[in-house]
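Student: Shown below is the structure under consideration.
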Amino acid sequence: MLTYILSFLPLSDQKEASLVSWAWYRAAQNALRESLGLRGICCISLTNVDGSPASYQVLQSVAYHLGPHLQSLSLGGGSPTEASFVALILGCPALCVLDLSGCNSLFTSGTLLAQPEMAQSVRQALSGLRELNLAGLRDLADLSFNRLSSCAPSLERLSLAYCHLTFELGPVRGSISPQDSSPSQFSFRNLLRFVQERAGRLRALDLSGTGLPPEALQALGQVAGLQLQELSLHSCRDLSTEAVATLCFQQPGLTSLDLSGCSELTDGALLAVSRGLRHLRRLSLGKLQRLTDAGCTALGGLRELQSLNMAECCLVRGRELAQALGSVHGAPSQLACLSLAHCSSLKDASVLSMIPALGLSLRVLDLSSCVALTNRTLQAICTYLTHLSVLRLAWCRELCDWGLLGLEEPLQGTQPRPELEHQASGTKDPCPEPQGPSLLMLRALQELDLTACSKLTDASLAKVLQFPQLRQLSLSLLPELTDKGLLAVAGGCPSLEHLALSHCTRVSDKGWAQAASSWPRLQHLNLSSCSQLTEQTLDAIGQACRQLRVLDVAMCPGINMAAIRRFQAQLPQVSCVQSRFVGGADLTLTL
């Protein structure tokens, strides 16, 4: 009966119910298995898989209960054995997406799929695979790549980010055949042969961090029949503006391009992108230190742009960017995601002219470390961008209570309003009510980052942090946050899963004793350098936050190793981070 009742609950609530007793735990497990099968769960991510019998049993259960319906499988960062991996794959005949990023254990020996019979069986199972992620594999070689890729004849998307590629001069000269494949290294010549064979089907390629030189990019771009839609070249620092211009001419159908960290690129690269890639939807230009406002004018030609990342473009001041974003012949902007984080030259004036042009389609806005921005920018955001789901304002240190509350800022030299004075003894509620364009207008927020906005106090936080759907919140490095603010956040944001309160030195055990019970869904909690906290806070968290997975209490002098061990005995699934001073040095331990 319990199993039947619990099967009607969402998965998160089934987890909560499983903590009542052993009987409820078994019933919840049965309900989970039945619901997974009935719902035909199609995506699953398995973490910390290794060669142990327990991991093997988990993989067997996944293959048996979920395998027939599974379309997406991630083993990223795990260390499965070759035998358990093959057994799992054979039980998942409908896979479309496979993530093996960082699974070096599968490729170390070089024998994966070396047996023809096994390779044939895996080929049948992976006949419908469309996407393969092999990022970060230090032991990937030509032979192992060829064996695995040959088992995926329908492959359309491939990631080799941060794999060690070897390059030779003149990569397109001479014949390229499988017989040239190396058992010990992964060569660009071998990759080029693969691209030539799959040119008619391949649509997305990620070669970030591979050190791709300009001539290799040119060789890829000119492959006959290749029509890429997505290309990621993040941190390929040797690429030149001329190489990017050639690529835009060769592959005009690109809809997603990542050039972040390609430090040699100049304004000419952005001009080439604007002229050659008219249907571009996602563009990442982060860490292009040579990009200026002059290059930003070209963005006006990208009329279908939905996501733009210009983080750490320190020479961009924003005026031309604002004009470009509002220059699409009066048509409403389609931009859904904009990151200008660490653009330290941005000023209020340019951002204020930009915000109205962004439109109601914008969902994600990152202005972290734009240190010159003030309350005027925040209030413009609250006025025009009311559909935001993610807002990041970390290190915007000029923001203060007035901005969050939507109040007019007092003139310089005048006395502060009495309602914002913290020492208002005898007053029932010294905090003013929000007025005008306050943070409360962003009702769709799911993530908010106010890290190091050091002028903020309980006076505003207690009033505006009322977001029932908020999942992630960072209030780290707020020296004026007290137990009062903590309790207000607990009452206003009960759905938090990630919370960061690092260096909030005025928060105490008393506050956590009352606040912890409001956050049963909390999974990641950062309390590092909260100097007033002791093991009493750990007790409160351990009793109330049963979903917790990661707890950071580094540099909390009132919490010792013995308290950490007792806490982990209560919640063994939690990874704890703690620091200690050993011989004058800071030693950080993850338990």
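The values are calculated or read from the model by the stated rules, or taken from the named source; none is laboratory data. All values derive from a computational prediction rather than experimental measurement. Every residue, glycine among them, receives a Cβ derived from its backbone with ideal geometry; neighbour counts consider all protein chains shown. For accessibility, only protein heavy atoms count, side chains too; no ligands or nucleic acids. Shrake-Rupley method; radii C 1.70, N 1.55, O 1.52, S 1.80 Å.
Student: When ligands, DNA and RNA are left out and all protein chains stay put, how many square angstrom of accessible area per residue does the stretch 535-578 have with a 1.4 Å probe?
Tutor: Roughly 42 Å² per residue, with all protein chains present.
Student: Let me ask something else about it. Once you place label points 7 Å from the Cα toward the Cβ at Met561 and Glu480, how far apart are they in nm?
Tutor: 4.1
Student: Considering only the other residues whose Cβ falls under 10 Å of the Cβ of Leu155, what net charge follows from Lys and Arg at +1 and Asp and Glu at -1?
Tutor: +3
Student: Just from its helices, what would the mean residue ellipticity at 222 nm be for the chain, if runs of 4 or more DSSP H residues each count -39500 (n - 2.57) and the sum is divided by every residue, rounded to the nearest 500 deg cm²/dmol?
Tutor: Calculated from helices alone, the mean residue ellipticity at 222 nm is -9000 deg cm²/dmol.
Student: Right, here's the next one. Report, by chain and number, residues whose modeled amide H sits under 5 Å from the one on Ser575, excluding near sequence neighbours (fewer than 5 apart, same chain).
Tutor: Those qualifying (amide H under 5 Å, at least 5 residues apart or on another chain) are Val550, Leu551.
Student: Residue-wise, which Karplus ³J(HN,Hα) couplings in Hz belong to the stretch 305-321, taking 6.51 cos²θ - 1.76 cosθ + 1.60, θ = phi - 60°, and x for glycine or proline?
Tutor: Going residue by residue, I get 5, 10, 9, 9, 10, 10, 4, 6, 8, 6, 8, 7, 9, x, 5, 5, 4 Hz, with x marking Gly and Pro.
Student: While we're looking at this one, here's another question. At a 1.4 Å probe radius, which order do Ile5, Ile381 fall into by accessible area, largest first?
Tutor: Ile5, Ile381
Student: Still on this structure: What percent does the relative contact order of the stretch 1-127 come to when contacts are Cα pairs within less than 8 Å and at least six residues apart?
Tutor: In percent, rounded to a whole number, it is 20.
Student: For Lys510 and Cys42, what does the FRET efficiency come to when R0 = 45 Å and r is the distance between their Cβ atoms, rounded to the nearest 0.05?
Tutor: Efficiency computed from Cβ-Cβ geometry: 0.45.
Student: Taking square-rooted eigenvalues a ≥ b ≥ c of the alpha carbon gyration tensor, is the stretch 468-516 rounded, prolate or oblate, where a/c under 1.5 means rounded and, failing that, a/b exceeding b/c means prolate?
Tutor: Judged from the Cα gyration tensor, the stretch 468-516 comes out oblate (a/c at least 1.5, b/c at or above a/b).
Student: Rounded, prolate or oblate, given the Cα gyration tensor of the chain, with a/c below 1.5 counting as rounded?
Tutor: oblate
Student: While we're looking at this one, here's another question. Given a 1.4 angstrom probe, I'd like the percentage of the accessible area of the chain that is carbon and sulfur, rounded to a whole number.
Tutor: Carbon and sulfur together cover 52 percent of it.
Student: Can you give the extra length, in nm with one decimal, that the chain gains between His498 and Ala372 once fully stretched, where that is 0.36 nm per residue apart less the Cα-Cα distance?
Tutor: Length gained between His498 and Ala372: 42.6 nm.
Student: OK, next. Relative contact order of the chain: what whole-number percent is it, with Cα pairs under 8 angstrom and at least 6 residues apart?
Tutor: Once normalised by length, the contact order is 5 percent.
Student: Starting from the Cα of Trp22, step 7 Å along the direction of its Cβ; do the same at Gln543; then give the gap between the two resulting points in nm.
Tutor: 2.4
Student: What number comes out for accessible area per residue over the stretch 442-507 if the probe is 1.4 Å? Units Å², please.
Tutor: About 31 Å² of surface per residue is accessible.
Student: Next up: What are the lysines whose alpha-carbon lies under 18 Å from the alpha-carbon of Lys510, with same-chain residues fewer than 8 places away excluded?
Tutor: Qualifying lysines at Cα under 18 Å: Lys484.
Student: Per residue, how large is the accessible surface of the stretch 282-327? Use a 1.4 angstrom probe and give square angstrom.
Tutor: For the stretch 282-327, the per-residue accessible area is 40 Å².
Student: Under a crude label model (7 Å from the Cα following the beta-carbon direction), how far is Ala349 from His279 in nanometres?
Tutor: Roughly 4.1 nm, to one decimal.
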